[in-house]
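Beneath this line is the structure, given in C-alpha cells, with notes to follow.
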Amino acid sequence: MLNISEPAIKQIDKLSKGKEADGLMLRIFVEPGGCSGFEYGMSFDVEKPGDIKIVEDSISVLVDKDSASYLKGCSVHFDDGLTGKGFEIKNPNASSTCGCGRSFN
C-alpha cells in the first residue's frame, strides 16, 4: 500500500520513541482541505477498528480505510538536509499538487 523509504523509517522510529508518542503509532491520513482539495496529515494515535496496519522494519504505520484509497501506491520519504521538507508523500495518483507538497487533487 505505502512505500516507506529508509530515511522515513528511521525518523518515524526516532519520533515514536519520544515522550509524546509513548506507545502510539504513526497515523497517515488524508482530509479535505489545502489549496488543491485534499491534504495529507500525520499524527501519533492508537490502532482503531478498521485500520490498516503497515509494518516496516522497526515501525508500524496506521491508515484508516477512508484514506487508504487515496494513499494506495504512495511513497513516504523524509529529507532533513539544508533544503529538506521533512516528511514528503509522493502520490502517483494525484492529478495535481500544490507547491507546498501537502495538498493534492
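The values are calculated or read from the model by the stated rules, or taken from the named source; none is laboratory data. Quick caveat: nothing in here was measured; it's all calculated off a predicted structure. Neighbour counts are summed over all protein chains in view; Cβ atoms, including those assigned to glycine, are modelled from backbone coordinates with ideal geometry. Please note that ligands, DNA and RNA were not included when accessible areas were found on the heavy atoms of the full protein model with its side chains. Shrake-Rupley method; radii C 1.70, N 1.55, O 1.52, S 1.80 Å.
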Rounded, prolate or oblate, given the Cα gyration tensor of segment 10-71, with a/c below 1.5 counting as rounded?
prolate
Suppose every Lys and Arg Cβ carries +1 and every Asp and Glu Cβ carries -1, with no other charges. What dipole size does the chain come out with about its Cα centre, to the nearest 20 debye?
120
Which of the lysines could a cross-linker bridge to Lys48, judged by Cα under 20 Å and excluding same-chain residues fewer than eight apart?
Lys65, Lys72
Carbon and sulfur: what percent of the chain's accessible surface (1.4 Å probe)?
50
Apply the a/c threshold of 1.5 to the C-alpha gyration tensor of the chain and tell me whether it is rounded, prolate or oblate.
oblate
Excluding same-chain residues fewer than 8 positions from Lys14, which lysines have a Cα within less than 21 Å of its Cα?
Lys53, Lys85
Solvent-accessible area per residue, Å², over the chain with all protein chains present [probe radius 1.4 Å]
60
